[in-house]
1. Please report the accessible area of A:ASP10 (heavy atoms, 1.4 Å probe, ligands and nucleic acids excluded) in Å², nearest 10.
2. Could you calculate, for the stretch A:42-126, the ratio of the Cα radius of gyration to the Kirkwood radius, expressed as Rg to Rh?
3. Could you give the angle, 0 to 90 degrees to the nearest 10, between helix A:292-304's Cα long axis and the longest principal axis of the Cα atoms of chain A?
4. Does anything in the stretch B:65-82 have its amide N under 11 Å from the 7 Å Cα→Cβ label point of B:TYR30, and if so which residues?
5. So between A:ASP131 and A:ALA180, what do we pick up on full extension, going 0.36 nm a residue minus the alpha carbon distance?
6. In terms of solvent-accessible area of protein heavy atoms at a 1.4 angstrom probe, what is the ranking of B:MET76, A:MET80, highest value first?
7. Assign one of three labels to the stretch A:142-231, namely rounded, prolate or oblate, based on the Cα gyration tensor with a ≥ b ≥ c the square roots of its eigenvalues; rounded applies when a/c is under 1.5, prolate when it is not and a/b is larger than b/c, and oblate otherwise.
8. Taking only C-alpha pairs under 8 Å that are 6+ residues apart, what is the relative contact order of chain A in percent?
Amino acid sequence: MPTIHFEGNDFFCAEDESILECMTRHGVMIPSSCQSGACQTCMIRAIEGTPTPESQQGLKDTMKAQNYFLACVCKPTEDMTIGLSVISPRQTVKLLSRDVLNESVIRLRLEEPEDFSYKAGQFINLVRPYDELTRSYSLASIPGDGFLELQVKRVADGQMSNWLFDGLTVGEEIQFFGPAGDCFYIPGAAEQPLLLVGTGTGLAPLYGILRHVLAEGHTGPVHLFHASLAAAGLYLEEELRRLAEQHEQLRYIPCVLHGDVPEGGQQGHIADLPASMLGSLSGYRAFLCGDPPIVNALRQKCFMGGVAMQDIHADPFVFSPTQEN
Amino acid sequence: MSTVYEQLGGEAAINAAVDIFYRKVLADHYVNRFFEGVDMEKQAAKQKGFLTMVTGGPNNYTGKDMREGHKHLVKMGLNDAHFDHILCHLRSTLAELGVAQDLIDTVISVAESTRDDVLDR
Ligand SMILES: Cc1cc2nc3c(=O)[nH]c(=O)nc-3n(C[C@H](O)[C@H](O)[C@H](O)COP(=O)(O)OP(=O)(O)OC[C@H]3O[C@@H](n4cnc5c(N)ncnc54)[C@H](O)[C@@H]3O)c2cc1C
Ligand code: HEM
């Protein structure tokens with residue numbers, strides 16, 4: 001009889017019983033609806049133990065890779081520890097360097113803790129040591145770089161971003177939790193066309209994903225759209241142009257809403273540009289990051305343009321308008 | 001007798017149908033406001049529940065679930081005309097996938113049988 005560990009308690013799963021039934025029988029209510037593996041309401045994560053293949057059917061590859069599964073159709077064959085997310089240890093690292101990428105974006109490089117593992121495109125939650133203020137920042141580095149890279153935009157009156165610009169000094173320690181997030185590239189289908197679209201520092205996760213994609217030898221076309229209100233908001237242009245010269249499958253398209261259009265770039269609303277430039281998006285895998293309303297609009301445009309729901313990976317940089325200190 | 005769900009090819013076929021069906025629904029201005037949730041992915045997964053149910057696949061939905069699950073939509077004005085639009089998208093989705101006419105008719109009659117529950121009357 002397999003045992004299910006959940007939040008410090010042990011639950012015995014009867015023969016032929018699903019994890020959802022087992023938990024419900026013990027008074028632990030996991031939200032559920034269809035109870036047959038279709039609606040995905042009861043998706044949870046295996047922290048230890050392997051979910052059964054049936055319980056991962058129909059899930060996105062990125063969710064499978066993180067051991068998510070459907071509790072209603074998982075009849076465990078071994079002991080499992082389950083949870084809604086993984087509790088990661090708090091890491092303390094030094095700031096190695098800070099560079100200016102444009103007038104409102106900096107690049108921070110942090111020490112990479114020794115036992116740290118992540119997928120390019122995931123994010124970490126930075127914690128300001130003296131008051132525990134916490135904010136998410138995407139990793140722009142890839143495993144193997146030997147450091148963790150963040151790209152941070154200064155937000156007017158922003159508590160964390162302004163401190164990262166002006167307060168934190170090189171050599172000083174900062175803390176973080178993570179990694180988390182399911183916007184990343186899974187090697188495979190090397191010929192599949194890829195669409196990467198980011199606004200502002202939405203380029204950070206895409207920069208990591210792009211370098212991972214190229215390192216894996218992806219051969220299909222890769223279109224990177226980086227959008228900003230005006231050309232001054234773009235960054236890493238030279239670096240991205242150089243990558244595009246070195247990799248013939250890569251196309252870099254800087255986009256602006258108004259003002260001068262950079263060479264090889266486009267003007268217009270970023271939610272409309274990919275479909276209007278590329279036509280049908282059927283068969284693409286898409287990665288969409290940055291400003292939440294734009295990411296949501298892009299998600300819809302990509303889906304209507306033919307991208308399968310399973311192939312849309314999005315990372316909206318949500319923030320709450322009312323922050324207590 | 002095997003269900004339409006099995007005859008269509010089970011889970012894999014439903015996965016293929018969900019994207020087609022959901023695209024039709026989102027493109028239909030008459031009904032798309034009911035489906036424009038904050039989380040598109042979760043909405044799409046719910047539509048998989050819908051397709052599994054009406055094709056007779058494994059599900060535990062009851063009439064009461066249908067009543068409860070659509071009550072907030074009835075408050076938003078959900079009525080027979082919207083219901084007819086959904087049936088129409090369901091029909092054309094299945095036709096596009098090459099499903100035989102008699103199977104389509106079976107699916108539509110299952111969906112039709114939930115009308116009073118879905119519209120809460
Ligand atoms: C998954 C994820 C990944 C992220 N990755 C990155 C990243 O790689 N780089 C990066 O720079 N940021 C990223 N962010 C955003 C980041 O977490 C913070 O929200 C941002 O830095 C602002 O924090 P703050 O403390 O400076 O501002 P706060 O003190 O929280 O906010 C100050 C004021 O500005 C408003 N505000 C906050 N953010 C914005 C915004 N983007 N646009 C307009 N107004 C805003 C707030 O509502 C508030 O009124 C990410 C967010 C998420 C959820
Ligand atoms: C044809 C008969 C219908 C059936 C059998 C049906 C069935 C279902 C099922 C099984 C679900 C998934 C519930 C869950 O797992 O949580 C669902 C959700 C949903 N249905 Fe229907 N449905 C029908 C008609 C309609 C109509 C006419 C509309 C609106 C035009 C509609 C809008 C929705 C929406 C928006 C959801 C998601 C609700 C949420 O976010 O919780 N349905 N339906």
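1. 90 Å²
2. 1.14
3. 80 degrees
4. B:80-82
5. Computed gain between A:ASP131 and A:ALA180 is 15.4 nm.
6. Putting B:MET76, A:MET80 in descending order of accessible area: B:MET76, A:MET80.
7. Oblate, because a/c is 1.5 or more while a/b does not exceed b/c.
8. 13 percent
The values are calculated or read from the model by the stated rules, or taken from the named source; none is laboratory data. Computed from a predicted model, the values in this text were never measured in an experiment. Every residue, glycine as well, gets a Cβ built from its backbone with ideal geometry; the counts of neighbours run over all protein chains shown. What goes into the accessible areas is simple: the full protein's heavy atoms, side chains included, and nothing from ligands, DNA or RNA. Shrake-Rupley method; radii C 1.70, N 1.55, O 1.52, S 1.80 Å.
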